[in-house]
Amino acid sequence: MKVDISQIDSGEEQIVLRYLEKTPRIQRIIDAIEYGHRRIPAKIDNETIMINPEEILYIESVDDRVFAYLKTEVVRLEGSLSGVLTDLSDDRFFRCSKSMILNIEKVERLKSMSSNRIDATMEGGEHILISRTYASDFRRVLKGGRGHER
């Protein structure tokens, strides 16, 4: 990808993005331009805080509650797992099982397991199992394609 960045002395600022195909990388660039640095509300103890989606390692649904796991803490998100994934509308996040979403950019290692499952080692060493139902879509996403909507 060719990148041309230059500072101007006067006139209107503009960003021009030309692409052959809207890949996940291109979509992230578009989102960054259109939405800026987006933050989402989360609860910790009895307090609402704002977190950056890129801080999230993975998201898990436990007993009808949704939790986001960050590097140093766990926070609660409002809504359902599907609703959170829709709200994030970010190609970095991938539904890897019925109860989990992982941040692809926080995966450090992948290991193929029996029954077509994948063991993803996250930053910090936590292991997330990608179920066989989602494994082929995950492989497709890693190759630059899009997974199926679930």
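Here the dipole of segment 1-134 is about 700 debye; that uses its Cα centre as origin and unit charges on the Cβ of Lys and Arg (positive) and Asp and Glu (negative). Computed from backbone phi, the HN-Hα couplings of segment 108-122 come to 9, 9, 10, 9, 6, 10, 5, 6, 6, 9, 10, 9, 9, 8, 8 Hz, rounded to whole numbers (Karplus: 6.51 cos²θ - 1.76 cosθ + 1.60, θ = phi - 60°; Gly and Pro given as x). Using C-alpha pairs below 8 Å separated by at least 6 residues, the relative contact order for the chain is 14 percent.
Considering the dipole of segment 46-149 built from charges on the beta carbon (Lys and Arg +1, Asp and Glu -1) around the Cα centre, which of SER80, ILE128, SER61 is farthest to its positive end? The Cα lying farthest towards the positive end belongs to ILE128.
Prolate is the label for segment 39-125, because the ratio a/c of its alpha-carbon gyration tensor axes (a ≥ b ≥ c) is 1.5 or higher and a/b is greater than b/c.
Of LYS22/LYS106; LYS98/LYS143; LYS43/LYS111; LYS22/LYS111; LYS106/LYS143; LYS22/LYS43, which sit over 27 Å apart, Cα to Cα? Can you show the working numbers first?
Details: LYS22/LYS106 22 Å; LYS98/LYS143 23 Å; LYS43/LYS111 33 Å; LYS22/LYS111 29 Å; LYS106/LYS143 16 Å; LYS22/LYS43 34 Å.
Those over the limit are LYS43/LYS111; LYS22/LYS111; LYS22/LYS43.
Compared with the dominant principal axis of the Cα atoms in the chain, helix 24-35 is inclined by about 70°.
Report in % the part of the accessible area of the chain that belongs to carbon and sulfur, leaving out ligands and nucleic acids; probe 1.4 Å. That share works out to 45 percent.
Sorting ASP9, ASP63 on solvent-accessible area from highest to lowest, probe radius 1.4 Å, gives ASP9, ASP63.
Each residue of segment 41-49 is assigned a 3J(HN,Hα), and the resulting list reads x, 8, 10, 9, 6, 10, 10, 9, 10 Hz, derived from the Karplus form 6.51 cos²θ - 1.76 cosθ + 1.60 (θ = phi - 60°), x at Gly and Pro. Backbone geometry of segment 93-104 corresponds, through the Karplus equation with coefficients 6.51, -1.76 and 1.60 at θ = phi - 60°, to 3J(HN,Hα) couplings of 9, 10, 6, 9, 6, 4, 10, 9, 10, 10, 8, 4 Hz, x marking Gly and Pro.
Remark on the chain: ratio of C-alpha radius of gyration to 2.2 N^0.38 Å is 1.19. Applying both filters, DSSP loop and at most 15 other Cβ atoms within 10 Å, to the trypsin sites (Lys or Arg not before Pro) of segment 1-68 gives LYS2, ARG18, LYS22, ARG38, ARG39. The GluC sites (Glu not before Pro) found in segment 1-109 that occupy coil by DSSP, while having at most 10 further C-beta atoms within 10 Å, are GLU12, GLU13, GLU21. Heavy atoms of the protein chains alone define the surface here; on that basis segment 15-82 has 70 Å² accessible area per residue at 1.4 Å probe size.
The values are calculated or read from the model by the stated rules, or taken from the named source; none is laboratory data. No experiment lies behind these values; they were computed from the predicted model shown. Positions of Cβ are backbone-derived with ideal geometry, glycine not excepted, and every protein chain shown enters the neighbour counts. Quick note on the areas: whole protein, heavy atoms, side chains included, nothing else; ligands and nucleic acids left out. Shrake-Rupley method; radii C 1.70, N 1.55, O 1.52, S 1.80 Å.
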